[in-house]
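Enquirer: Please read through the structure below; I'll follow up with questions.
The values are calculated or read from the model by the stated rules, or taken from the named source; none is laboratory data. Just so it is clear, the structure is predicted and the values come from calculations on it, not from any experiment. Neighbour counts run over all protein chains shown; Cβ positions are idealised from the backbone, glycine included. These accessible areas exclude ligands, DNA and RNA; they are computed on the full protein's heavy atoms, side chains included. Shrake-Rupley method; radii C 1.70, N 1.55, O 1.52, S 1.80 Å.
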Amino acid sequence: MRIIHTADWHLGKTLKNQSLIDDQKYILDEFLKLLDASKIDAVIIAGDIYDRAIPPVDAINLLDEIISKLIERKIPVLSISGNHDSAERLHFGRKLFAQSNFFINTKPVKNPAPIVLSDKFGEVYFSLIPFFEAAEIKNVFAQNELDINAANKFYIAECRKKIPAGKRSVAVAHLFAAGGLTSESERKFVGAVENVDAANFADYNYTALGHLHKPQTMKKNNYIVRYSGSLLKYSFDEARYNKGVTLINLDGAGKTSFEHIDLKPRRDVRIIEGTVDELKNSARSLDYIHANLTDKNHVLYAMEKLRDSAFPNILSVQFINLERKIENPARAMEMRENVSIIENFADFFEFETGEKLTGEYRQAMEKFLSKLESEQL
């Protein structure tokens with residue numbers, strides 16, 4: 001069975017207040033082209049379909065369009081809600097969607113039944129495990145209070161009760177697997193929820209996770225626990241990652257292999273570095289840009305100058321040489337006694353800029369202090 005694992009669409013997401021809905025529509029069209037070019041038996045969407053609980057209208061319309069196109073292709077879709085989603089809103093219409101092989105689980109339930117798909121080797125059992133808080137397991141199953149790791153372990157055991165021994169199986173979940181590599185664009189969980197042991201999924205041939213935006217494999221022995229990563233780069237610290245989907249191959253014996261497949265975005269998310277004048281002369285690019293500016297002095301309207309010249313979609317700049325680089329943030333500059341005002345100012349200048357106060361800067365300051373002293377007299 002050939003399965004596409006994707007997650008963290010975050011429809012309706014913005015980057016530095018820039019709407020990404022057109023970029024998301026583009027990348028989902030690329031995703032559909034990949035499905036058309038490959039013989040795919042199922043698609044997994046492992047949560048965070050929307051970026052927030054109450055998504056904007058254009059995000060709802062985009063999901064409606066994509067669901068319709070997936071159903072037209074008659075490829076079964078196995079999806080869950082994530083921590084960004086509203087479980088109640090995504091729950092709407094799930095029974096109707098299931099009739100068209102679009103399956104979505106948004107809440108932990110008693111006696112969770114797997115979704116069963118078949119290939120020429122027989123059945124494959126899919127456990128759809130949505131994001132949940134530990135308290136939900138306590139309420140649904142009248143359990144004692146559990147931490148999130150124990151709650152996941154308990155619910156996974158409930159899911160496996162209806163999977164026959166020896167049958168191939170795949171889990172779909174949205175959580176933080178201990179040891180995973182995070183990025184700025186992920187909403188951080190609170191407390192012990194950031195500690196679910198990947199070994200809880202050891203009985204599955206493959207576990208398709210959502211939440212972390214960097215493609216990564218958490219465990220690979222007789223079983224595989226993997227994040228496909230997000231479809232797009234959703235923060236500048238993700239600029240170095242290649243985004244796309246994971247293609248899974250599950251053979252008749254349950255042996256699983258996978259590969260990451262890049263999807264080319266409409267616009268890349270990049271970090272560039274140089275002076276304002278250097279960057280102004282760059283080749284024009286429509287990518288989303290953050291510029292690390294190496295100018296020794298602040299340049300007025302730097303972002304506007306770069307936007308008007310080479311980077312119309314620049315979203316942020318930073319003067320990296322003008323930042324205070326102090327090993328101990330509590331440390332402060334100490335005033336020297338029995339020295340002139342100009343010497344104390346020179347100390348302050350060096351403290352702030354890392355350079356000596358010399359030449360025309362010192363002359364200008366000396367002239368200013370001299371004038372100030374004469375006015376006071």
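Enquirer: Highest mean first, what order results for 220-230, 88-98 on Cβ atoms within 10 Å?
Expert: Ranked by mean Cβ neighbours within 10 Å, highest first: 220-230, 88-98.
Enquirer: Put a dot 7 Å past each Cα toward the Cβ at GLU366 and ASN249; how far apart are the dots in nm?
Expert: So the label points at ASN249 and GLU366 sit 7.6 nm apart.
Enquirer: Can I ask one more? Could you sort 155-163, 247-255, 360-368, 39-47 so that the peptide with the highest average Cβ count within 10 Å comes first and the rest follow in order?
Expert: With the highest mean Cβ count within 10 Å placed first, the list reads 39-47, 155-163, 247-255, 360-368.
Enquirer: In addition: Suppose the chain between ALA157 and ASP308 were pulled fully straight at 0.36 nm per residue; how much longer would it get relative to their current alpha carbon spacing?
Expert: 48.5 nm
Enquirer: Going by accessible area, probe 1.4 Å, with all protein chains left in place, what is the ranking of ASP85, ASP197, ASP29, largest first?
Expert: ASP197, ASP29, ASP85
Enquirer: Which Cα, out of GLY180, LEU286, ILE271, lies furthest along the positive dipole direction of the chain (beta carbon charges, K/R +1, D/E -1)?
Expert: Of the candidates, GLY180 comes out farthest on the positive side.
Enquirer: For the stretch 126-168, with the dipole built from +1 on Lys and Arg beta-carbon atoms and -1 on Asp and Glu ones, taken about the Cα centre, which of GLN143, ALA157, PHE132 lies farthest toward the positive end?
Expert: ALA157
Enquirer: Just name one of VAL116, ASN249, LEU232: the one whose Cα is farthest towards the positive end of the charge dipole of the chain (beta-carbon charges, Lys/Arg +1, Asp/Glu -1).
Expert: The listed residue farthest towards the positive side: VAL116.
Enquirer: Past 22 Å, Cα to Cα: identify those pairs from LYS25/LYS233; LYS161/LYS214; LYS138/LYS214; LYS74/LYS243; LYS74/LYS219, in the order given.
Expert: Too far apart for the 22 Å limit: LYS161/LYS214; LYS138/LYS214; LYS74/LYS243; LYS74/LYS219.
Enquirer: Tell me, what is a quarter of the convex hull surface for the C-alpha atoms of the stretch 99-205, in nm² with one decimal?
Expert: Directional mean of the projected Cα hull area for the stretch 99-205 stands at 8.3 nm².
Enquirer: Choose one answer from ILE115, ILE342, ILE271: the residue with the largest mean-square fluctuation in a GNM of the chain with alpha-carbon springs under 10 Å.
Expert: For the chain, modelled as a Gaussian network with Cα springs under 10 Å, the answer is ILE342.
Enquirer: Between GLU278 and ASN344, what FRET efficiency comes out of the Förster formula 1/(1 + (r/R0)^6) with R0 = 45 Å and r the beta carbon distance, rounded to 0.05?
Expert: Step by step, r from the Cβ atoms, then E = 0.80.
Enquirer: Taking a probe of 1.4 Å, how large is the accessible area per residue of the chain, in Å²?
Expert: 52
Enquirer: Taking all protein chains in place and a 1.4 Å probe, what share, in percent, of the accessible surface of the chain do carbon and sulfur account for?
Expert: So the carbon and sulfur contribution to the accessible surface is 49 percent.
Enquirer: Same structure again: Within the stretch 98-139, list the trypsin sites (Lys or Arg not before Pro) lying in a DSSP loop whose Cβ has at most 12 other Cβ atoms in a 10 Å radius.
Expert: Listed in order of number, the matching sites are LYS110, LYS120.
Enquirer: Note down the magnitude of the dipole of the stretch 12-107 about its Cα centre, charges +1 on Lys and Arg C-beta and -1 on Asp and Glu C-beta and zero elsewhere, to the nearest 20 debye.
Expert: The dipole magnitude comes to about 300 debye.
Enquirer: Right, here's the next one. Give me the dipole magnitude in Debye, nearest 20, for the chain about the Cα centre, with unit charges on the beta carbon: positive for Lys and Arg, negative for Asp and Glu.
Expert: 1960
Enquirer: Cut-off under 19 Å on the C-alpha distance; same-chain residues fewer than 8 positions from LYS280 excluded. Which lysines are left, in chain and number order?
Expert: Once the sequence-local lysines are set aside, what remains near LYS280 is LYS296, LYS305.
Enquirer: Could you pull out every one of the aspartates and glutamates with an alpha carbon less than 20 Å from that of LYS33, ignoring same-chain neighbours closer than 8 positions?
Expert: The qualifying aspartates and glutamates are ASP8, ASP22, ASP23, ASP41, ASP64, GLU65, GLU72, GLU259, ASP262, ASP268.
Enquirer: Percent of alpha carbon pairs in the stretch 1-90 separated by more than 22 Å?
Expert: Summing the P(r) of the stretch 1-90 above 22 Å gives 24 percent of all pairs.
Enquirer: What dipole magnitude, in Debye to the nearest 20, does the stretch 109-230 give about its Cα centre under +1 on Lys/Arg Cβ and -1 on Asp/Glu Cβ?
Expert: Value, rounded to 20: 440 debye.
Enquirer: Sticking with this one: Can you tell me which of ALA291, ALA165, ALA59 moves the most in a GNM of the chain? Springs connect C-alpha atoms under 10 Å apart.
Expert: ALA165
Enquirer: Take every Cα pair under 8 Å in the chain that's 6+ residues apart, average their separations, divide by the length, and report that relative contact order as a whole percent.
Expert: This gives 13 percent for the chain.
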